[in-house]
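Peer 1: One structure coming up, written as structure tokens, with questions to follow.
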Ligand code: CO
């Protein structure tokens, strides 16, 4: 498996308006992409810092992963996303090495990425997201 870089940090927010004030007005970051991911029950907002992005995650359903995370742990860094060259290969390799996956098969992430989450039980409490960026022609 070839890990290329850190793609983004996922940050669960309880109060999106307040979080926007912090990241946009106080820190002066620029919102470059916003997308609702229905099957995840989240609204995502992206703020690049150099090569790495912050992904703010607001729950839009009371029973989604982010809602549950906020209930249990409160707002904060929820996952770390690393870019891999080939996500199918990365999943197969992790599984062959006995690492438990939340997603055994890649699913569609924002901006036509393919993503898969590794189970936090096998990553020492860090929820790890694998990301494969769309191939550029
Ligand atoms: Co993410």
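What follows draws every value from the coordinates through simple rules; no lab data is involved. Just so it is clear, the model here is predicted, and its values are computed rather than measured. With ideal geometry, Cβ positions are generated from the backbone for all residues, glycine too; neighbour counts draw on all protein chains shown.
Let's see how each residue does on (1) farther than 16 Å from residue 117 by Cβ; (2) crowded, with 19+ Cβ neighbours inside 10 Å; (3) within 16 Å of the ligand (Cβ to nearest atom):
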| position | (1), (2), (3) |
| --- | --- |
| 56 | yes, yes, yes |
| 61 | yes, no, no |
| 71 | yes, no, no |
| 77 | no, no, yes |
| 82 | no, no, yes |
| 85 | yes, no, no |
| 88 | no, no, no |
| 93 | no, no, no |
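Peer 1: Applying the selection to segment 115-137, what residues are surrounded by 17 or more Cβ atoms within 10 Å (Cβ to Cβ) and either more than 16 Å from residue 86 (Cβ to Cβ) or within 12 Å of the ligand (Cβ to nearest atom) (or both)?
Peer 2: Across segment 115-137, the qualifying residues are 115, 116, 117, 127, 128, 129, 130, 131.
Peer 1: Restricting attention to segment 1-44, and to residues there that are in a loop (DSSP other than H, G, I, E, B) and in contact with a helix residue (DSSP H, G or I) (Cβ under 9 Å, 6 or more places away or on another chain), which single residue is nearest to the ligand (Cβ to nearest atom)? Give the steps one after another, and end with the answer.
Peer 2: We begin by selecting, within segment 1-44, every residue in a loop (DSSP other than H, G, I, E, B); these are 1-2, 14-15, 27-32, 41.
Imposing the further condition that a residue be in contact with a helix residue (DSSP H, G or I) (Cβ under 9 Å, 6 or more places away or on another chain) reduces the set to 1-2, 14, 29-31, 41.
Values: 1: 18, 2: 19, 14: 18, 29: 17, 30: 19, 31: 16, 41: 14 Å.
Of everything passing the filter in segment 1-44, 41 is nearest to the ligand (Cβ to nearest atom).
Peer 1: Oh, and also: Taking the stated definitions as given, is residue 47 within 15 Å of the ligand (Cβ to nearest atom) and either out of contact with any strand residue (DSSP E or B) (no Cβ under 8 Å at 6 or more places or on another chain) or part of a strand (DSSP E or B) (or both)?
Peer 2: Details: within 15 Å of the ligand (Cβ to nearest atom): yes; either out of contact with any strand residue (DSSP E or B) (no Cβ under 8 Å at 6 or more places or on another chain) or part of a strand (DSSP E or B) (or both): yes.
Answer is yes for this residue.
Peer 1: Mind listing whichever residues of segment 108-133 are on the phi > 0 side of the Ramachandran plot and touching a residue at least 40 places away in the same chain (Cβ under 8 Å)?
Peer 2: Of the residues in segment 108-133, the ones on the phi > 0 side of the Ramachandran plot are 111-112, 124-125.
111, the sole residue that qualifies.
Peer 1: Restricting to segment 101-110, count the residues that are outside any loop (DSSP other than H, G, I, E, B) and either within 11 Å of the ligand (Cβ to nearest atom) or in contact with a helix residue (DSSP H, G or I) (Cβ under 7 Å, 6 or more places away or on another chain) (or both). Give the derivation first.
Peer 2: Initially, segment 101-110 is screened for residues outside any loop (DSSP other than H, G, I, E, B), giving 101, 107-108, 110.
Next cut, either within 11 Å of the ligand (Cβ to nearest atom) or in contact with a helix residue (DSSP H, G or I) (Cβ under 7 Å, 6 or more places away or on another chain) (or both) only: 101, 110.
The number of residues fulfilling the criteria is 2.
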